[in-house]
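The values are calculated or read from the model by the stated rules, or taken from the named source; none is laboratory data. Just so we're clear, the structure is a prediction, and the values are computed from it rather than from any experiment. Glycine also receives a Cβ, built like all others from the backbone with ideal geometry; neighbour counts cover every protein chain displayed.
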Amino acid sequence: MPSPDSQQRQDNRLVIGIAGRIGAGKTSVGKYLESRYGFCYVRYSQVLSDWRAKDPESKAHLQAMGWEVMAGGMQPELNARLIARIPALADCAVDGLRHPVDYEALSTNFGRQFKLLYIESPLETRWQRLQSRSATLEDFSRRESEPVEQQIPALREKAYAIIDNDRTLQELYTNVDAALDGIRTGGQT
């Protein structure tokens, strides 16, 4: 039987899902939650890579594997593998939800402890961010239109908070702080 302290910690912990289009700033938010607040940080792409990818360094290969998993009805297995990586008593940031099935799996498993942040950024800004990582416009356009990316906007309506990321990194962090404060105090942003 869990101790009262561990039960209280279990009840108060947070699992924050992070969704958004390519280049929106999901990883920046996840890593910020990790470094600033001590959240563990888990990425769908890493779980997928460890499970299925033959070329884990290739974003295109990961997108193809992601679509294979989604189209093949294996998304529940991917979610089970991801959930197994979330420590029992730790706050955790989960980067890269791409489908309502991901939201449902985390929501069902963690209940009121789970909240989704949707990171939104204009197409031009997202392209500029990826351009700085040596992506070509053709590569960005192809990745943006991949089938695995098409369900992401459906997650927006399920989000606890929609965070605009069209300015500075510090403003993004301020918006994340405000969302986290709202979650912890029971408010809505």
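Here are a few things to note about the model shown:
- Residue ID - surrounded by the most Cβ atoms within 10 Å (Cβ to Cβ), chosen from residues in the stretch 131-165 that are over 27 Å from N12 (Cα atoms) and in contact with a strand residue (DSSP E or B) (Cβ under 7 Å, 6 or more places away or on another chain): N165
- Selected residue (criterion: modelled with the highest pLDDT) from residues of the stretch 134-189 that are over 16 Å from the mean Cα position of the chain (by Cα), farther than 18 Å from Y37 by Cα and of a type in the set (S, T, N, Q): T168
Yes/no matrix, rows are residues, columns are (1) in contact with a Phe, Trp or Tyr (Cβ under 7 Å, 6 or more places away or on another chain); (2) at pLDDT 95 or above; (3) not in a helix (DSSP H, G or I):
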| residue | (1), (2), (3) |
| --- | --- |
| E77 | no, no, no |
| L89 | no, no, yes |
| K115 | yes, yes, yes |
| Y118 | no, yes, yes |
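- Among all residues of the stretch 166-179, there is at least one that is of a type in the set (V, I, T) and surrounded by 16 or more Cβ atoms within 10 Å (Cβ to Cβ).
- Output for the stretch 132-163, where each listed residue is part of a helix (DSSP H, G or I), small (G, A, S) and touching a residue at least 40 places away in the same chain (Cβ under 8 Å): A154
- Checked against the criterion of being at pLDDT below 85, surrounded by fewer than 13 Cβ atoms within 10 Å (Cβ to Cβ) and over 20 Å from S145 (Cα atoms), the stretch 11-31 contains one or more residues that satisfy it.
- If the condition is being more than 12 Å from the chain's Cα centre (by Cα), basic (K, R) and either modelled with pLDDT of 75 or more or on the phi > 0 side of the Ramachandran plot (or both), then the stretch 32-63 contributes only R36.
- Every condition in (1) modelled with pLDDT of 90 or more; (2) under 20 Å from T27 (Cβ atoms); (3) out of contact with any Lys or Arg (no Cβ under 7 Å at 6 or more places or on another chain); (4) not charged (D, E, K, R) holds for Q131 except the one numbered (1).
- Residues in the stretch 84-104 that are over 27 Å from D166 (Cα atoms), out of contact with any strand residue (DSSP E or B) (no Cβ under 9 Å at 6 or more places or on another chain) and either surrounded by 15 or more Cβ atoms within 10 Å (Cβ to Cβ) or β-branched (V, I, T) (or both): V101 only.
- Per the conditions (1) over 24 Å from V47 (Cβ atoms); (2) part of a helix (DSSP H, G or I), the sole criterion not satisfied by D166 is (2).
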